[in-house]
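These notes are about the structure you will find just below.
Values in this text are rule-based calculations from the coordinates and carry no lab data. Just so it is clear, the structure is predicted and the values come from calculations on it, not from any experiment. All Cβ positions, even for glycine, are placed from backbone atoms using ideal geometry, and neighbour counts span all protein chains on display.
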Amino acid sequence: MKTVEIIGYNRANLGKSESKRLRAEGNVPCVLYGGKEQVHFHSPMILFRDIVYTAEAHFVDINVEGKKAKAILQDVQFHPVSEIILHADFLELFDDKKVKMSIPVKTTGSAPGVQQGGKLVMKMTHLNIKALPKDMPEFIEVDISKLDLGKTVKVGAITPGDFEILNSPLVSIASVEVPRAMRGKGEDGEAEEETTEEEGAGGEG
């Protein structure tokens with residue numbers, strides 16, 4: 001999996017006024033937990049571009065004044081109006097400890113239903129995965145080559161590798177929906193046939 005580096009600086013003051021000052025200067029107050037002790041630090045907001053504003057999953061190499069740790073972004077809080085990052089939580093990773101991550105779904109193949117005029121609709125763009133860091137996939141492949149019109153592929157169709165899928169096997173990932181125009185055409189066709197039969201019966205009488 002790809003790794004993004006976050007450079008941070010220790011926070012001496014954890015008060016609200018200090019957090020507000022850091023944000024005003026373009027920094028994000030952060031905390032790293034999951035290890036022996038929590039590490040409170042701040043980091044330039046621009047460094048979060050590659051891990052927050054993307055659909056891809058990443059590991060994060062955190063470097064706080066020379067102290068390094070491997071982690072994942074566990075939670076991020078945004079301002080409700082300006083949408084700037086208010087706070088970020090990182091979970092420290094260990095080689096022998098499984099972790100949960102939201103991993104993007106990647107489709108493979110061509111759906112026959114789409115070629116027939118249907119529309120491919122993604123019900124799930126990410127799946128919740130649990131695995132050791134070394135076994136965590138960058139994405140989950142979902143084969144849609146057998147999806148006909150009106151058909152759906154579910155989580156249960158995926159064969160997991162060295163990881164566990166936490167979503168229910170009954171959850172739909174992708175489906176090929178029949179467009180309204182195609183459904184209406186079939187209904188109109190039936191109506192026209194019925195009308196023709198009625199007119200023919202009346203003529204014979």
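Between the alpha-carbon centers of the stretch 107-152 and the stretch 1-75, tell me the distance in whole angstrom. Here the answer is 32 Å between Cα centres. Largest mean-square fluctuation among Thr54, Thr152, Thr125, in a Gaussian network model of the chain whose springs join Cα atoms under 10 Å apart, belongs to Thr54. Model label sites at Ala157 and Lys100, defined 7 Å from Cα along the beta-carbon direction, differ in position by 2.6 nm.
For Leu132, the residues whose modelled amide H falls within less than 5 Å of its own, excluding neighbours fewer than 5 places apart on the same chain, are Val99.
For Leu149, the residues 5 or more places off, or on other chains, whose built amide H falls under 5 Å of its own are Gly113.
Summarised as an ellipsoid, the stretch 118-183 has semi-axes of 28, 10, 9 Å, derived from the eigenvalues of the Cα gyration tensor scaled by 5 and square-rooted, with the largest first.
Within the listed set Ala157, Ala55, Ala24, the Gaussian network model of the chain (springs between alpha-carbon atoms below 10 Å) gives the highest mean-square fluctuation for Ala24.
Using only the Cα atoms of the stretch 12-108, build the gyration tensor, take square roots of its eigenvalues as a ≥ b ≥ c, and label the shape rounded, prolate or oblate: rounded if a/c is under 1.5, else prolate if a/b is larger than b/c, else oblate.
Working: a/c = 2.19, a/b = 1.24, b/c = 1.77.
Because a/c hits 1.5 or more and a/b fails to exceed b/c, the stretch 12-108 counts as oblate.
Over all directions, how big on average is the projection of the convex hull of the alpha-carbon atoms in the stretch 48-168, in square nanometres?
Details: hull surface 40.0 nm².
One quarter of the hull surface, i.e. the mean projection, equals 10.0 nm².
In plain terms, the chain from Glu65 to His79 could stretch by 2.3 nm, reckoned as 0.36 nm per residue minus the Cα-Cα distance. For the stretch 25-31, putting each phi into the Karplus relation 6.51 cos²θ - 1.76 cosθ + 1.60 with θ = phi - 60° gives couplings of 8, x, 10, 10, x, 9, 9 Hz, in residue order, rounded to whole numbers and with x for Gly and Pro.
Can you tell me which lysines have their Cα less than 19 Å from the Cα of Lys70? Leave out same-chain residues fewer than eight positions away. Partners within reach: Lys2, Lys36, Lys97, Lys98, Lys100, Lys130, Lys134. Return the single residue from Lys20, Lys100, Lys154 with maximal mean-square fluctuation; model: Gaussian network over the chain, springs between Cα atoms under 10 Å. It is Lys20. When log10 I(q)/I(0) by the Debye sum over Cα atoms at q = 0.11, 0.17, 0.18 Å⁻¹ is computed from the coordinates, the matching label among (i) -0.68, -1.10, -1.16; (ii) -0.53, -1.27, -1.41; (iii) -0.53, -1.11, -1.21 is (i). Computed from the C-beta positions of Met182 and Asp135 and an R0 of 41 Å, the FRET efficiency is 0.45 to the nearest 0.05. Phi angles of the stretch 76-89 translate, via the Karplus equation with coefficients 6.51, -1.76, 1.60 and θ = phi - 60°, into HN-Hα couplings of 9, 10, 10, 5, x, 9, 7, 6, 6, 6, 8, 6, 9, 10 Hz per residue; Gly and Pro are given as x. Subtracting the Cα-Cα distance of Asn128 and Ile46 from 0.36 nm times their residue separation leaves 26.8 nm of extension gain.
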